[in-house]
Amino acid sequence: MERRLAAILAADVVGYSRLMEADEEATVRTLNTCRQVIDGLVADHRGRVFGSAGDSVVAEFPSPVEAVRCAVDIQRELETHNVDLPENRRMRLRIGVNLGDVIVEGDNLLGDGVNIAARLETLANAGAICLSRPVFDQIKKQLDLGYEYLGEHEVKNIAEPVQVYRVLTEPEAVGKVIGETKRAKQAWKRVAVAAAVLVLIGMAAAATWLRPWEPEVKSASVERMAYPLPDKPSIAVLPFDNLSGDTGQGHVADGLTEDIITALSQVSSLFVIARNSTFTYKGKPVNVQQVAEDLGVRYVLEGSVQMSGDKVRITAQLVDALAGNHLWAERYDRDMTELFALQDEITDRIVVALRIKLTEGEEARVHRKHTRSLEAWNLLSRGMEHFYQSSKTDNATARQWFKKAIEVDRGYALAYALLAWTHWHDAFHGWSENHELSLERASFLAEKARAMDDALPDVYALQSAIHLFKRQYDEAIEAAEKAVAFNPNHATNTALLAMILHNTGRPKKAIRMYKTAMRLSPYYPAWFLEDLSFSYLDAKQPDEALFAFQKLLDRKPPAIHAAHGHIGRALAHHALGQDDKARAEVAKAIEADAGISLTHVGQHSLNKDRAGVESGLAILRKLGLPE
């Protein structure tokens, strides 16, 4: 395994989710401009970007001097770009710089050297730069800058406290180091603590409630929340970090996270953010305060999983982001065979901490285990990694893992349900040669899963999708309503019910359901938006439809969905008496996907109102859509 010493710069946009919510198109343009500035300056300072996801950038430099020079230039250049923007649209960065040992894995770098830089970034204010002590020691006499010592900070998943310095760029601060006396006092304090440790051991039990080992949490602000807080306890469960040193074990951490989310989602008196949204933070440096504000929740659960042989260490902490404190934090060292019991224990601790009273049915569902076989669970978790990728190849790979899970546990209802979903996706996306056969396989396996567990939400969601596909509308509604009743916080099942309501002539109720689904999953998939847009059309709200379709197109969806977006905008413009604009949108639809046609639109419509469908096709024919 190759290792080397490297200077790492980690940067992240402040309030990115708020900016996207306010104006997605403008934010993407500004972000692209920022990235061009950052990439250019990184190259100018002999660095290279090796990690970027959305609004974050991680870069490597040959020396800490170059890394800090680059960080200062980035902040100055972006401040210049911000001058021309209104205050609420300005894009500011937090930057952290660390010097440390890293592991080289192809073009990627891993290890604490990278992780500490990411943690330093979360400690910086907007427009600021935070440095670790090793960086400060190397550059303090090399650059015309000043520095402020911010003290020692406990940071996530790093054993030792990190000494943090803030860069001061004001001319009057050059050559100064503010707060160095604090560092001297801290060093003396460590000596005193070491001398007194024997006395403190006897008092430890009484002092446990103080939890001095927990890192400080900044308070979130209700005013800065991207969404209003729900009128019941709200929580986001972040993906547990995989600390096992083996990326192949990541599915265990993901599986544990997903099981906790699923258990909590079935509690009607809780508001739980969907897995699809919380997993957007996977592998990124996390600021709990920012997560709470981005997702509009009060409580955040985060943790880590570390495996060694047949042992597992799990850490978990529940944070009250508004109060800025930990409700509880715990470390569990157990045998791997106790993983399921640990899931229950963590879930129970959350329920108790939030003072939630479970009904008898919720108690049973929260603690019900779909399998008692750790091996089968492991196999299913591996399949889930591929299942969520939503591609033909990943769907086929997921199917193989689900089959293996069933071979180990023939009574694994969830595995049967997920296996059935893979066949449904084959039929819906046209990934199989015989979509009718795929649909029949999905239907057979769904019924088999329901016979094993008649309270499994995934089964009823699947059956509702199958019924809709077969245009069995009453059965589709009944199954979808059961899925939502069993899991009221499941965003996808809620959106599926909305789709069925829309296609059965209740578009206004569908709109309300879609908005509920989008609140449960703020980073919702594009198909939520696409069908919501058509729901606005059928609800005779063309202005709202135009806006929603444009948001869909701004996401740059695949060709066929882009064509659908332009078709929808054409129908909305026609409803507003703007046929010239409508014809232009039809032309854009054909440009986006040359295969779009009246036949395609008619065949793929699941709407029960066939007369309405024919009327829409007649309008599109006049607007120039080919047969």
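The values are calculated or read from the model by the stated rules, or taken from the named source; none is laboratory data. Not measured: the values here are computed from a predicted model. Virtual Cβ from ideal backbone geometry, glycine too; neighbours counted across all protein chains shown.
Considering only the range 481-504, state which residues are outside any loop (DSSP other than H, G, I, E, B), in contact (Cβ under 8 Å) with a residue 40 or more places away in the chain and under 15 Å from Arg275 (Cβ atoms).
Scanning the range 481-504 gives Ala491, Thr492.
On the given criteria, is Leu131 crowded, with 19+ Cβ neighbours inside 10 Å, in contact (Cβ under 8 Å) with a residue 60 or more places away in the chain and in contact with a Cys (Cβ under 6 Å, 6 or more places away or on another chain)?
Criteria not met by Leu131.
Going through Phe444, Phe402 one at a time, which residue ends up being part of a helix (DSSP H, G or I), surrounded by fewer than 17 Cβ atoms within 10 Å (Cβ to Cβ) and hydrophobic (A, V, I, L, M, F, W, C)?
Going through Phe444, Phe402 in turn, the sole match is Phe444.
Which residue out of Val267, Val272 is at pLDDT below 90 and under 27 Å from Thr492 (Cβ atoms)?
Val267
Scanning for something basic (Lys, Arg) and either crowded, with 16+ Cβ neighbours inside 10 Å or free of Cβ contacts under 8 Å to residues at least 24 places away in the same chain (or both), does the range 72-80 turn up at least one residue?
No: zero hits.
Restricting attention to the range 467-480, which residues are modelled with pLDDT of 90 or more, of a type outside the set (Val, Ile, Thr), in a helix (DSSP H, G or I) and surrounded by fewer than 20 Cβ atoms within 10 Å (Cβ to Cβ)?
Tyr473, Asp474, Glu475, Glu478
Do we have any residue at all in the range 384-399 that's more than 26 Å from the chain's Cα centre (by Cα), surrounded by 17 or more Cβ atoms within 10 Å (Cβ to Cβ), not basic (Lys, Arg) and not assigned by TED's automatic domain parsing to the domain that holds Gln266?
Going through the range 384-399, the residues more than 26 Å from the chain's Cα centre (by Cα) turn out to be none.
No, because not a single residue in the range 384-399 is more than 26 Å from the chain's Cα centre (by Cα), surrounded by 17 or more Cβ atoms within 10 Å (Cβ to Cβ), not basic (Lys, Arg) and not assigned by TED's automatic domain parsing to the domain that holds Gln266.
Can you tell which of Val351, Val319 is in contact (Cβ under 8 Å) with a residue 24 or more places away in the chain, buried (at least 19 other Cβ atoms within 10 Å of the Cβ) and either touching a Phe, Trp or Tyr at 6+ places or on another chain (Cβ under 8 Å) or assigned to a strand (DSSP E or B) (or both)?
Val319
Looking at (1) within 16 Å of the chain's Cα centre (by Cα); (2) over 21 Å from Ala117 (Cβ atoms); (3) surrounded by fewer than 21 Cβ atoms within 10 Å (Cβ to Cβ), which is the only condition Gln289 fails?
Going through the list (1) within 16 Å of the chain's Cα centre (by Cα); (2) over 21 Å from Ala117 (Cβ atoms); (3) surrounded by fewer than 21 Cβ atoms within 10 Å (Cβ to Cβ), Gln289 breaks only (2).
Tally up the residues in the range 323-348 that are part of a strand (DSSP E or B), within 27 Å of the chain's Cα centre (by Cα) and not aliphatic (A, V, I, L, M), please. Outline the logic, then answer.
Step one: list which residues in the range 323-348 are part of a strand (DSSP E or B), which gives 325-335.
Then drop every residue that is not within 27 Å of the chain's Cα centre (by Cα), which leaves 325-332.
Applying the additional criterion that residues be not aliphatic (A, V, I, L, M) yields 325-326, 328, 330-332.
So the count comes out to 6.
With Ile346, Ile356 as the choices, which residue is in contact with a strand residue (DSSP E or B) (Cβ under 6 Å, 6 or more places away or on another chain) and under 30 Å from Pro233 (Cβ atoms)?
Ile346 is the lone residue from the list that is in contact with a strand residue (DSSP E or B) (Cβ under 6 Å, 6 or more places away or on another chain) and under 30 Å from Pro233 (Cβ atoms).
Checking the conditions here, which among Leu41, Leu9 is under 25 Å from Asn115 (Cα atoms), surrounded by 13 or more Cβ atoms within 10 Å (Cβ to Cβ) and out of contact with any strand residue (DSSP E or B) (no Cβ under 6 Å at 6 or more places or on another chain)?
Only one candidate passes the filter, namely Leu41.
Among the candidates Ala483, Ala510, Ala420, which residue alone is within 25 Å of Glu363 (Cα to Cα) and within 26 Å of the chain's Cα centre (by Cα)?
Of the residues listed, the single one that is within 25 Å of Glu363 (Cα to Cα) and within 26 Å of the chain's Cα centre (by Cα) is Ala483.
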